[in-house]
1. Pick the calculated P(r) over Cα pairs in 10 Å bins from 0, in percent for this structure from (1) 10, 36, 38, 15, 1, 0; (2) 12, 40, 30, 14, 4, 0; (3) 12, 41, 35, 12, 1?
2. With θ taken as phi - 60° and the coefficients 6.51, -1.76 and 1.60, list the Karplus ³J(HN,Hα) couplings across the range 37-52 in order, rounded to whole Hz; mark glycine and proline as x.
3. Quick one: which residues, 5 or more positions from residue 113 or on another chain, have an amide H under 5 Å from its amide H? H modelled 1.01 Å from N in the peptide plane, none for Pro or chain starts.
4. Place a +1 charge on the Cβ of each Lys and Arg in the chain and a -1 charge on the Cβ of each Asp and Glu, then give the dipole magnitude about the Cα centre in debye, rounded to the nearest 20.
5. For the range 104-109, take each phi angle, set θ = phi - 60°, evaluate the Karplus expression 6.51 cos²θ - 1.76 cosθ + 1.60, and give the result in whole Hz per residue in order, putting x for glycine and proline.
6. Report the longest stretch of the chain that contains none of the GluC sites (Glu not before Pro) sitting in a DSSP loop with at most 12 other Cβ atoms within 10 Å.
7. What are the trypsin sites (Lys or Arg not before Pro) within the range 43-138 that DSSP puts in a loop, where the Cβ has at most 10 other Cβ atoms within 10 Å?
8. Hey, with R₀ at 30 Å, roughly what FRET efficiency would residue 10 and residue 60 work out to, going by the Cβ-Cβ distance, to 0.05?
Amino acid sequence: MRIVSDIMTRNVKTLGTGSTLRDAEELMREHHVRHIPVVSDTGAIKGVLSQKEFLREAFRITDKFGAHHLQDYLAKTPVLDCLDREVETLPADTPLKTTGERLRAEKEGCLLIADDAGNLLGIVTSQDFVRLALDLLD
């Protein structure tokens, strides 16, 4: 039986609790990711910032202060103010079928994989399942 650790990304791009939305923008652009876990110094998951949440806040800033002030406000806005803190995690030994069902049911683009202490081990996205499907079709 295949488990989520077979397909998850282990070297996850993360942000710390002191990061700003400007840091998130740079990380998303540089690494072409749409979901960024935010972790404490000890690796404990504090939440996840999705591209959707980032864009919502960027549009709010632009609407309120104008596009010419966007970068200034992104640099001042703590990532902790914008992320989804109600993140459920899965253990690394979760069967892939269960993981896929959860991803589809929650209509989220990613699920975080954590150890028993709540520390981040990896991330699995809908793209990981597309890649798996394509591998199985070969």
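1. So the structure-derived entry is (2).
2. x, 10, 10, 6, 4, 8, x, 6, 6, 9, x, 9, 9, 9, 4, 4
3. 90, 121, 122, 123, 124
4. Numbers: 18 positive and 23 negative charges, 63 e Å.
Around 300 debye, computed over the chain.
5. 5, 5, 7, 6, 9, x
6. After excluding every exposed loop site, the longest remaining stretch is 1-85.
7. On the way: sites: 46, 52, 56, 60, 64, 76, 85, 97, 102, 104, 107, 131; in loops: 85, 107.
Here the trypsin sites (Lys or Arg not before Pro) that fit, given the DSSP loop and packing criteria, are 85, 107.
8. 0.35
Taken together, the values in this text are just the output of simple stated rules run on the coordinates, not laboratory data. Quantities reported herein were computed from a predicted structural model and do not represent experimental measurements. Neighbour counts are summed over all protein chains in view; Cβ atoms, including those assigned to glycine, are modelled from backbone coordinates with ideal geometry.
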